[in-house]
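K.L.:
Let me begin by handing over the structure; questions about it come next.
The values are calculated or read from the model by the stated rules, or taken from the named source; none is laboratory data. Model, not experiment: these values are computed from the prediction. A quick note on method: Cβ atoms are made from the backbone with ideal geometry, for glycine too, and the neighbour counts reach across all protein chains shown.
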């Protein structure tokens, strides 16, 4: 089907090519062969009389025209997806689809593990690729490498839909043998050594939450929350975490929990997906089941969190 000389089927290829900046990744995203995507790119170049995607050594770049078409192409497909195309069917009992989800390691351990275990009897053939942040996660969402992000609301993209899952207060953890008092003063917090987790190269507290940075001494930098207890135990180091992370660590008798000696806003975890996936029946089903499972799980975890806080 053509509209003013443009094969409308090419809009899907155009969006994939401009988003991924890669013929092979665009082919994978749209489930066609690489030669077919190369042919689509050739037809698009002929129609627009422009290179659109400039290939060569290293990462491909977009031409000025290609860059100007990137947002309109995405918006056109999003509109068609939302208003003109049926959401299709999805049978969780038979689907063997793989969903690619990005979340912090403790979110995977503390939330997704139990949620997916609950979902498994409903969709026994579904597969999951669970990834932790290692760079610019939003780029991976844009390129189609991810189906779902579970991230702090503050770092979610304003360009795509997001849904708040829950809020978590924060806790400071320390070695129970090295910190014997029941309270933690602001001066003690400021002068102590700290273990800080860097998410995508950014320190958790100041960058992800927007908390004003003290002149803290970061003694240990890590890229996973789950590693922190090993570098707190047996030392005077402190680490500051959302309550869910503290819950995961609560089985360890070597840790002591303090209320932060200064206000820290709660972390608001959100679930985000690409706008062009609004009508994706499979992703709609997964989001609904994850939300139900996490809500049920959090009602239990809240009891544990109160127990943790009672020892503060």
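K.L.:
Any idea how many residues of region 190-227 are assigned to a loop (DSSP other than H, G, I, E, B), free of Cβ contacts under 8 Å to residues at least 40 places away in the same chain and surrounded by 14 or more Cβ atoms within 10 Å (Cβ to Cβ)?
P.N.:
2
K.L.:
Within the set of pairs 6 or more residues apart or between chains, which connect a residue that is in a loop (DSSP other than H, G, I, E, B) inside region 233-244 to a residue that is modelled with pLDDT under 90 with Cβ atoms less than 7 Å apart?
P.N.:
233/254
K.L.:
While we're on this one: Given the conditions (1) surrounded by 19 or more Cβ atoms within 10 Å (Cβ to Cβ); (2) more than 23 Å from residue 244 (Cα to Cα), which single one is not true for residue 180?
P.N.:
Only one criterion in (1) surrounded by 19 or more Cβ atoms within 10 Å (Cβ to Cβ); (2) more than 23 Å from residue 244 (Cα to Cα) is unmet by residue 180, namely (1).
Here is a yes/no grid of residues against (1) more than 27 Å from residue 19 (Cβ to Cβ); (2) at pLDDT below 80; (3) assigned to a strand (DSSP E or B):
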site: 262; (1), (2), (3): yes, no, no
site: 284; (1), (2), (3): no, no, no
site: 287; (1), (2), (3): no, no, no
site: 292; (1), (2), (3): yes, no, no
site: 297; (1), (2), (3): yes, yes, no
site: 300; (1), (2), (3): yes, yes, no
site: 305; (1), (2), (3): yes, yes, no
site: 312; (1), (2), (3): yes, yes, no
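Residues checked against (1) free of Cβ contacts under 8 Å to residues at least 40 places away in the same chain; (2) part of a loop (DSSP other than H, G, I, E, B); (3) over 16 Å from the mean Cα position of the chain (by Cα):
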{"position": "139", "(1), (2), (3)": "yes, no, no"}
{"position": "144", "(1), (2), (3)": "no, yes, no"}
{"position": "150", "(1), (2), (3)": "no, no, no"}
{"position": "173", "(1), (2), (3)": "no, no, yes"}
